[in-house]
Amino acid sequence: GAVVSQHPSWVICKSGTSVKIECRSLDFQATTMFWYRQFPKQSLMLMATSNEGSKATYEQGVEKDKFLINHASLTLSTLTVTSAHPEDSSFYICSARKGLTDTQYFGPGTRLTVL
Amino acid sequence: RKEVEQDPGPFNVPEGATVAFNCTYSNSASQSFFWYRQDCRKEPKLLMSVYSSGNEDGRFTAQLNRASQYISLLIRDSKLSDSATYLCVVNWLNQGGKLIFGQGTELSVKP
């Protein structure tokens with residue numbers, strides 16, 4: 001299957017700082033990338049859908065000014081958690097796909113801990 | 001009501017057992033269906049797609065009943081390595097191909 005990478009794999013930061021997470025499709029061009037968040041013992045929750053070259057579409061309840069998403073190229077999307085707080089501590093996972101009916105391939109996830 | 005509902009388990013079974021997981025979904029417009037497997041602290045990995053005719057991949061059999069909005073996964077001859085969380089996932093193609101995940105069912109296979 002296709003390969004999607006995320007960087008960093010884990011990050012610890014202080015409350016109030018911003019953290020940027022990168023998602024890259026390594027061997028295919030991803031027209032769409034998705035960002036998910038998963039709290040312990042819970043399901044993956046879709047945060048936003050990102051199409052290359054356009055603004056991300058956020059799910060209800062997700063603050064777009066807090067979770068900034070940029071999808072500037074067909075192989076890279078970034079999620080920036082601004083002014084992070086301890087309640088933002090979670091497992092953030094991206095996925096990427098080529099076209100609407102194609103399989104989504106998941107990145108390995110980024111574990112964020114905000115102190 | 002959750003969009004995709006699963007029994008969270010855990011299911012604790014001995015090696016060699018047969019175990020079945022069920023899942024229901026609320027949106028009748030859901031258009032494609034999957035089972036993913038997620039190991040602890042890892043990303044989900046696609047296990048298999050699910051079709052109305054039923055499909056099998058080795059020890060794994062998946063079934064879809066559109067009328068009842070019900071999906072199942074059967075694992076035969078369980079291995080220790082099958083221990084993981086199994087996620088029922090539906091795809092809303094008419095909403096940009098969003099994947100909606102169930103909470104997951106935890107399986108623990110014991111020696």
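The values are calculated or read from the model by the stated rules, or taken from the named source; none is laboratory data. The model shown is predicted, which means the values in this text are computed figures rather than measured ones. Glycine also receives a Cβ, built like all others from the backbone with ideal geometry; neighbour counts cover every protein chain displayed. These accessible areas exclude ligands, DNA and RNA; they are computed on the full protein's heavy atoms, side chains included. Shrake-Rupley method; radii C 1.70, N 1.55, O 1.52, S 1.80 Å.
Descriptive notes on the structure:
- As a rough guide to protection, the peptides A:21-31, B:62-72 ranked by mean Cβ packing within 10 Å, highest first, stand as A:21-31, B:62-72.
- Relative contact order (percent, whole number), chain B, Cα cutoff 8 Å, 6+ residue spacing: 37
- Think of it this way: in the protein assembly as shown, A:Cys13, B:Cys40 stand alone, with no other Cys Cβ under 4.7 Å.
- Accessible area buried, both sides summed, chains B and A with 1.4 Å probe, Å²: 1400
- Rolling a 1.4 angstrom probe over the protein heavy atoms with all chains in place gives chain A an accessible area of 50 Å² per residue.
- Accessible surface of the protein assembly as shown [probe 1.4 Å, protein heavy atoms]: carbon and sulfur percent: 50
- 3J(HN,Hα) from dihedral phi, the stretch B:13-21, Karplus parametrisation 6.51/-1.76/1.60, rounded to Hz, x for glycine, proline: 10, x, 3, x, 6, 9, 9, 10, 10
- In the structure shown, the pairs A:Lys98/B:Lys79; A:Lys55/A:Lys98; A:Lys66/B:Lys42; A:Lys98/B:Lys45; A:Lys41/B:Lys2 are assessed against 22 Å; a Cα-Cα span above that value is assigned to A:Lys98/B:Lys79; A:Lys66/B:Lys42.
- Shape call, the stretch B:26-99: gyration tensor on alpha carbons, a/c limit 1.5: oblate
- Surface analysis of chain B yields an accessible area of 47 Å² per residue, using protein heavy atoms and a 1.4 Å probe.
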